[in-house]
Structures are given as C-alpha cells and as structure tokens.
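See below for the structure under consideration.
The values are calculated or read from the model by the stated rules, or taken from the named source; none is laboratory data. Just so it is clear, the structure is predicted and the values come from calculations on it, not from any experiment. Quick reminder, even Gly has a Cβ in these numbers, built from the backbone with ideal geometry, and neighbours come from all protein chains shown. Quick note on the areas: whole protein, heavy atoms, side chains included, nothing else; ligands and nucleic acids left out. Shrake-Rupley method; radii C 1.70, N 1.55, O 1.52, S 1.80 Å.
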Amino acid sequence: MLNDTLKSPPPQFSLDRIRFIKKITIGAINPQVAFSEEEHDRQMKLLNSCLNDYPRGKIIGRDVSIATFQLGEHQMNMQKTTYHIGFERKPHWLEK
C-alpha cells in the first residue's frame, strides 16, 4: 500500500539527450548600433519561450561579454549574455 502512494521521481535531465542547441543573445556591446527597449523585449520573449514552451529547453551554457567604451568624456559599459539552450528535438515554433 505504501508503494501505491509514492510517486516515481521525475526523469533526470541528461546532456546525451540533447539534439538541438539554440543560442540566444540578450543585450549588445556595439555602441554604434542603436539597441532599443523593443529589441531587448524581443530577445527576452524568445528566451522565455525556449524555457517555458513545449518542448521545454534547458540552459546548458552561458557566455558573458563586457566591453568598456570611451565616448568623449564619458565612459560606457555594455554587456551581452549569450544563453545556450539545449532541446531533445528542435521545436517547430523556432522555424517561424
């Protein structure tokens, strides 16, 4: 009776099941190219879709780039983060 009430543990995530990797970049490090709030929102929406929609991806890596620029008297720091999202198969909605 005790065995009937216990649930089996969820399947473990394994890197050997990864068949597709999508790289998603959040941010920009080029001061000559305008980076809008709409572009940032679009990048975040894609990242959230990859992590929450079916098939659900997992973050398997992350690269962070930081650059410092001198513009006249002002110093500007910019950051770009690239997430590597692993999927067991390529999501059909990424083809859009």
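Quick notes on this structure:
- In a reduced charge model with +1 at each Lys and Arg Cβ and -1 at each Asp and Glu Cβ, the chain shows a dipole moment near 480 debye about its Cα centre.
- If you look at the Cα atoms of the chain, you get an Rg and a Dmax of 19.2, 75 Å.
- For the chain, the residue among 44, 74, 30 whose Cα projects farthest onto the positive side of the dipole built from Cβ charges is 44.
- Residue-normalised accessible area of the range 14-90, given per residue in Å² at a 1.4 Å probe: 72
- FRET efficiency, 1/(1 + (r/R0)^6) with R0 41 Å, evaluated for residue 12 and residue 82 via beta carbons: 0.95
- The chain, relative contact order [Cα under 8 Å, separation at least 6], %: 37
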